[in-house]
Amino acid sequence: MIINKIPFLYDPDWLKHQIFHSKFNGYSLIEDFSTSDNNIIFPLLVFESDSTRQKTALQNGFFTLTPLLLNRGDYNSRKYAKLINKKTSEVLPLIKVAALDSFYIQQFPGLTFRKPFTSYGEISKKTILRGRNLVDLTLGFDSLWSHVRPRYRSSINKVEEVEFYFGDIPDNVFNNLVSRHFELAGRKTKPDICWEILKSFVRDKKAFICKYQNDFLYFMFSEDYSYYSISCAEKNKNNVTHILMWNAIKFAKKQGSTLMDLGVYYPGEMCENPLSWSEKEDFKKIKQISNFKNGFASHVYPDFYDKII
């Protein structure tokens, strides 16, 4: 079986998704400084707010990431870090011309799992830390189950009839997912073209969908890095999200992925150095979400955000 090897955050179709998504939310692309060849992928998009004209490299909550070095596994070597610093330094004149007030780069969590310290010791002006909920899919099923929060387990054990879509999905099933997302969000959160890109990811085995009754979770998928991306599941007495999450972790492992990223973890009651609107204005909610995801994580790793400008 051929397994997707490019994490979604570095996929050119994902960058298209982010451009359309950003435009839908009032940010237009003004510069694409991304580079890609047989050795490296470095996505770097600069947007401008349609209302305030403020410029940013943020993409709907996603930061610019460290360059992905292809065909290399020497993550902890000095050469690896020097190459990341070199490639990043090469774009700094362009970033300065683009007149960004500040420029943060998040270390790709898949890299941090293999190298739990920042790569930007040479050029970072400041490193801001978060936690990251990760699931090491190389662990055995019994070990993964032992990391599931005990009070989640009774709900999970009651259900077996979970459906998966990976490599194919009927249009009516995907349309039900989109409708369910609209119903739970109470509004349209992305344009139709973004949903079409996400559907193509499932058909190309770059993502999979886990379904139980009329609730869905959507996961990005690749060999070394998978990601819990979208919830279209209602919080209810049956704890359907717990059921879907555990089954999705098992499915990703069976399909050959080695790492699942469940997102940021916030251990404290306050968020120092907020990096996003949600961290400033809606911290209680995102902390609750991060705590729920932590109930499935096998590890919490540091999550590095380096201020380059």
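The values are calculated or read from the model by the stated rules, or taken from the named source; none is laboratory data. What you are looking at is a predicted structure, and each value in this text was computed from that prediction instead of being measured. Heads up, the Cβs are rebuilt from the backbone with ideal geometry, glycines too, and the neighbour counts pull from every protein chain shown.
Looking across T112, T66, T56, T35, one residue alone is β-branched (V, I, T), under 24 Å from N294 (Cα atoms) and out of contact with any Gly (no Cβ under 6 Å at 6 or more places or on another chain). It is T112.
For the range 165-179, give me each residue that is crowded, with 17+ Cβ neighbours inside 10 Å and either in contact with a strand residue (DSSP E or B) (Cβ under 6 Å, 6 or more places away or on another chain) or charged (D, E, K, R) (or both). Result: Y165, F166, L177. Considering the range 219-230, and only residues there that are surrounded by fewer than 24 Cβ atoms within 10 Å (Cβ to Cβ) and out of contact with any His (no Cβ under 9 Å at 6 or more places or on another chain), the residue that is nearest to Q255 (Cα to Cα) turns out to be E223.
For (1) free of Cβ contacts under 8 Å to residues at least 60 places away in the same chain; (2) over 23 Å from the mean Cα position of the chain (by Cα), each residue gets a yes or a no:
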residue	(1), (2)
V148	no, no
I156	no, yes
V159	no, yes
L177	yes, no
R187	yes, no
P191	no, no
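Note on the range 25-51: residues that are of a type in the set (A, V, I, L, M, F, W, C), crowded, with 16+ Cβ neighbours inside 10 Å and over 16 Å from L65 (Cβ atoms) total 1. For the range 107-123, the criterion of a residue being surrounded by fewer than 19 Cβ atoms within 10 Å (Cβ to Cβ) and of a type in the set (A, V, I, L, M, F, W, C) is satisfied by at least one position.
Residues in the range 231-269 that are surrounded by 20 or more Cβ atoms within 10 Å (Cβ to Cβ) and basic (K, R): K253 alone.
Taken together, L69, L92 contain a single residue that is under 23 Å from the mean Cα position of the chain (by Cα) and touching a residue at least 24 places away in the same chain (Cβ under 8 Å), which is L69.
Check the range 191-201 and report whether any residue there is surrounded by fewer than 13 Cβ atoms within 10 Å (Cβ to Cβ), over 29 Å from Q54 (Cα atoms) and of a type in the set (K, R). So far as the range 191-201 goes, no, none of its residues is surrounded by fewer than 13 Cβ atoms within 10 Å (Cβ to Cβ), over 29 Å from Q54 (Cα atoms) and of a type in the set (K, R). The residues of the range 112-156 that are among the aliphatic types (A, V, I, L, M), out of contact with any strand residue (DSSP E or B) (no Cβ under 8 Å at 6 or more places or on another chain) and at pLDDT 95 or above, listed by number, are L139, V148.
Looking only at residues in the range 63-87 that are hydrophobic (A, V, I, L, M, F, W, C) and either in contact with a Phe, Trp or Tyr (Cβ under 7 Å, 6 or more places away or on another chain) or under 14 Å from T112 (Cβ atoms) (or both), the one that is surrounded by the most Cβ atoms within 10 Å (Cβ to Cβ) is I84. For the range 270-280, a residue qualifies if it is in a helix (DSSP H, G or I) and surrounded by 11 or more Cβ atoms within 10 Å (Cβ to Cβ), and the qualifying residues are S278, E279.
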